[in-house]
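Worksheet: the structure to be examined is printed underneath.
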Amino acid sequence: MKQIKIKSYGLLAALILLTVSLTSCDDADQYYSDNLLTYYGWELVAVNGVPVVELDVCEFQFYDFGNGTYGRYNDRGDWYTIPITWEVVYSGGGAEYLYVYAQGALQPWEYKMRLYGGRPAVLELDDLFTGDRLTFQAY
């Protein structure tokens with residue numbers, strides 16, 4: 001009788017563990033949302049995993065309704081910003097693409113986008129023109 005009770009408790013513990021592990025892996029906890037994109041400002045911290053130096057930093061601020069700003073240092077070391085418009089396009093396979101239209105640019109900046117919540121939130125942009133992975137941190 002004791003052996004049956006021990007096996008029953010072991011089976012019950014295994015079922016509870018399985019249930020908890022399956023319900024705690026929700027993708028919504030980790031990935032995207034337009035709200036997350038517009039909630040923060042984003043500062044470039046790495047290119048292809050290599051940290052950037054201060055003068056190579058750039059920042060995006062995405063506002064609601066597809067407006068925003070892009071900022072960076074010019075050749076003299078002065079910070080400047082330009083207005084941008086932007087849109088996110090969702091592919092059938094679930095990938096998200098960010099298109100940024102900067103004032104004065106001849107064509108849009110095109111990125112495959114991944115957003116990760118957390119502290120701090122992280123925005124990864126794969127530049128479709130250069131192939132570089134740009135890593136931004138929320139501020």
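Okay, here's what the table says:
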quantity	calculated
Candidates Y73, Y80 - the one that is surrounded by fewer than 13 Cβ atoms within 10 Å (Cβ to Cβ), of a type outside the set (G, A, S) and either over 13 Å from L37 (Cβ atoms) or modelled with pLDDT under 95 (or both)	Y80
Count - residues of segment 76-91 that are within 19 Å of the chain's Cα centre (by Cα) and free of Cβ contacts under 8 Å to residues at least 40 places away in the same chain	7
Among (1) touching a strand residue (DSSP E or B) at 6+ places or on another chain (Cβ under 7 Å); (2) within 25 Å of V53 (Cα to Cα), the one test that Y97 misses	(2)
Top-ranked residue of segment 28-55 - restricted to ones that are charged (D, E, K, R) and closer than 19 Å to Y111 by Cα, ranked as modelled with the lowest pLDDT	D34
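The values are calculated or read from the model by the stated rules, or taken from the named source; none is laboratory data. Because the structure is predicted, anything quoted here is derived from the model rather than measured. Glycine gets a Cβ as well: all are built from the backbone with ideal geometry, and neighbour counts include every protein chain shown.
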